[in-house]
Amino acid sequence: MYIKKVFTTAIITLFCLSASFASVDLPKNDVEKTAAEYEAIIDGLKIKVDSLAEAKKNANSVEERRAINKELREVKREVKEVKRRAGGGIYISVGALLVIIIILLLI
């Protein structure tokens, strides 16, 4: 009886927490880029970050530094986005993770 309750609870949790899959249509230019092209983009953005850091050191007023900081944050976000696109990755829903854990516990 106890195993039946645990199993039923696990199944209900699986259905409640599982993520729905949505198809994402990437633009063709993102699909066709190679790893070398992503590295070139990242290198260019790193050079821009270095130049902004140098400009921040040479800024005379607080307003200039704030503007440079804002632009620096935007470039760093762009670097993270390019790295995310280049890396791909595997996404596991919470429901699938629970099923994996339950299977491992039962083994």
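The values are calculated or read from the model by the stated rules, or taken from the named source; none is laboratory data. These figures come from a predicted structure and were not determined experimentally. Here Cβ is always computed from backbone atoms with ideal geometry, including for glycine, and neighbour counts include all displayed protein chains. With ligands, DNA and RNA removed, areas are computed over all heavy atoms of the protein, side chains included. Shrake-Rupley method; radii C 1.70, N 1.55, O 1.52, S 1.80 Å.
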What nm value, rounded to one decimal, do you get for the distance between Lys4 and Leu97 when each label is placed 7 Å out toward the C-beta? 3.2
Using a 1.4 Å probe and counting only protein heavy atoms, arrange Ser51, Ser61 so the residue with the most accessible area comes first. Ser51, Ser61
Suppose each label sits 7 Å from its Cα in the direction of the beta carbon; what would the Lys80-Thr13 distance come out to in nanometres? 3.0
